Amino acid sequence: MAKPYLYDTMDMFRWNNMFALTPAGTMGMPAREVNAGKFDQPGMNMEGMAGMKHIDEGMDMEKMPGMDMGTQASAAAMDHGKIEGVEMEMPMPMNHSKMPGMDMGGMDHSALMMPPMQSGGSSSGPTSHSMQGMTPEDVVRENPARWYDFLLHGDAARAPLLAADGMMSSHRPFAPYKMLQSVKDTSPPKDAPRRTVRLTLDGDMNRYVWMLNTQELKPENTIRIKKGEVVRFIFINRTMMHHPMHLHGHFFRVLNGQGARSPLKHTVDVQPMSTTVIEFEANELGDWFFHCHLLYHMHSGMARVVEYEGFTPDPATREARAELYHDLWYFYGFSDLLSNEAQGSLWYSNIRNTIGVNYELGWQGVDGAEWEMDITYSRYLNRFTSVFAGVYGEGIDGNPEEERLIAGFSYLLPGNLRFKVWADSDGGDTGHTESRTDADSPPRSFRRGRV
């Protein structure tokens, strides 16, 4: 069986992504383009593939003017002024008869297949992304032995047979949503008011926090809807992980290109770097939980409450709902003990707040045990940026020799280089910078550094 080629996405390297100033920018989906609706259509959102959509997701013909798929569509201008990505739209019937010859009932859908891809990057590995003229089986490659294999021991990249994920490989296909079709018409009422909610799926693997619209689950992020509306959720996955999104209390349509026969689901997998669109009729009055069904993701913030306007929950529900927003604190740390010194860090943290202690203690070649320590509070802003403040001290044995207040920020530069700048209360020495890199590469290799 073909194993996944773990470094496949390196072929999609782009300099403008590497030097982007925000985490979303490094994924090729900055906030300004998301808010402009650039990624609203179902399919893959890989940088360098503008205008092309992944056929595995299907094409939402209901959003293509002039194409009659045998069902009516609704569209309207969007008001981007609502919180939590919520937009309102009223139905505006489209006349599909204005463009002769555009009856999709007899159209050859193979003409809509995505053209062969040629990656902008280079590849000398076993699965080059030069897709010209390839069939799905062509992207499965034998993996001959190479001189650097000792670095990859135990890594799937060392398997004798590798394959890329997705539609280009029948050996490792994505979920077959495009082939699902309801046995009956699932179209929502045509005259019902529409509401569109755009939700980016965001996360930080290092801190292990997961969010919607860059925000964790909080009372102010509740998604409010009205009974009788047709609600559309646009999921834009800006991570390299799958997220099975589940809505309690409802079945929704997955807009997969099947028109009026779009399948009904209560959970849908949103593939990495892709958009999935669902819609449902708001006909179940109440408060409903909506979350990623990878429960670690849900527990660390990737969830919302969907609340019907005018609904008053009973006391037991209100009490249970309050528990949803409880942000747990966790303790973790490490310590290195050597023959001449000890050093380590301890942290007490929840999703955005951390109380940390860093210490170094040395006793070889010095009088007594020399130590230095800082105790800080830091606030996590995003995967790149944190701000912090605290106290720094150093001394010998149990006698402090210097103490000062510190405050500053840290920022992640290209190449996983963590840059930290701070000032302290010592009037003779108020500015400090530090750069460090701490990254694991393929198995048996890593890099560490500090300046």
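The values are calculated or read from the model by the stated rules, or taken from the named source; none is laboratory data. A quick note: this is a predicted structure, and the numbers were derived from the prediction, not measured. Using ideal geometry, Cβ is built from the backbone for each residue, glycine included, and neighbour counts are taken over all protein chains shown.
Against the conditions (1) touching a residue at least 24 places away in the same chain (Cβ under 8 Å); (2) of a type outside the set (S, T, Y); (3) surrounded by 13 or more Cβ atoms within 10 Å (Cβ to Cβ), D367 satisfies every one except (3). Taken as a whole, the condition of being part of a loop (DSSP other than H, G, I, E, B) and under 24 Å from L381 (Cα atoms) does not apply to I355. Just to be sure I understand the filter: pairs with C-beta atoms under 6 Å, separated by 6 or more residues or on different chains, first member in region 403-423 and within 21 Å of N353 (Cα to Cα) and hydrophobic (A, V, I, L, M, F, W, C), second member outside any strand (DSSP E or B) and at pLDDT 85 or above. Which pairs pass? Going by the 6 Å Cβ cut-off, the qualifying pairs are L405/S425; L412/F384. Summed over region 346-364, the residues that are under 30 Å from G301 (Cβ atoms), surrounded by 14 or more Cβ atoms within 10 Å (Cβ to Cβ) and not aromatic (F, W, Y) give a count of 10.
Among the residues making up region 373-431, those that are part of a strand (DSSP E or B) and of a type in the set (G, A, S) are S378, S386, A389, G390, G393, G395, A407, G408, S410, A423, G431.
Looking at T222, T196, T186, T200, just one residue is within 16 Å of M241 (Cβ to Cβ) and of a type in the set (S, T, Y), and that residue is T200.
Kindly establish whether K190 is farther than 22 Å from F39 by Cβ, at pLDDT below 95 and over 22 Å from the mean Cα position of the chain (by Cα).
On the way: farther than 22 Å from F39 by Cβ: yes; at pLDDT below 95: yes; over 22 Å from the mean Cα position of the chain (by Cα): yes.
Taking the combined requirement at face value, the residue satisfies it.
Each residue in region 190-211 was checked for being closer than 20 Å to G286 by Cβ and out of contact with any Phe, Trp or Tyr (no Cβ under 9 Å at 6 or more places or on another chain), and 3 pass.
Restricting attention to region 292-343, the residues being at positive phi and either surrounded by 14 or more Cβ atoms within 10 Å (Cβ to Cβ) or assigned to a helix (DSSP H, G or I) (or both) number 1. Considering region 347-364, and only residues there that are in contact with a Gly (Cβ under 7 Å, 6 or more places away or on another chain) and free of Cβ contacts under 8 Å to residues at least 40 places away in the same chain, the residue that is farthest from E394 (Cα to Cα) turns out to be W347. Among the residues of region 29-46, those that are closer than 22 Å to W210 by Cβ and either part of a helix (DSSP H, G or I) or at pLDDT below 90 (or both) comprise A31, E33, V34, N35, M44, N45, M46. Taken over region 329-352, residues that are under 32 Å from the mean Cα position of the chain (by Cα) and either under 26 Å from D367 (Cβ atoms) or of a type outside the set (F, W, Y) (or both) amount to 9. All of L161, L212 fail the test of being crowded, with 22+ Cβ neighbours inside 10 Å and either over 25 Å from A24 (Cβ atoms) or among the aliphatic types (A, V, I, L, M) (or both), apart from L212.
Condition check ((1) part of a strand (DSSP E or B); (2) farther than 26 Å from E307 by Cβ) across all residues:
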residue	(1), (2)
A157	no, yes
L162	yes, yes
K178	no, yes
Q181	no, yes
K184	no, yes
P188	no, no
T196	yes, no
L201	yes, no
R207	no, yes
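Filter region 238-268 down to residues that are in a strand (DSSP E or B) and either at pLDDT below 95 or of a type in the set (F, W, Y) (or both), then give me how many there are. Of the residues in that region, 1 qualify.
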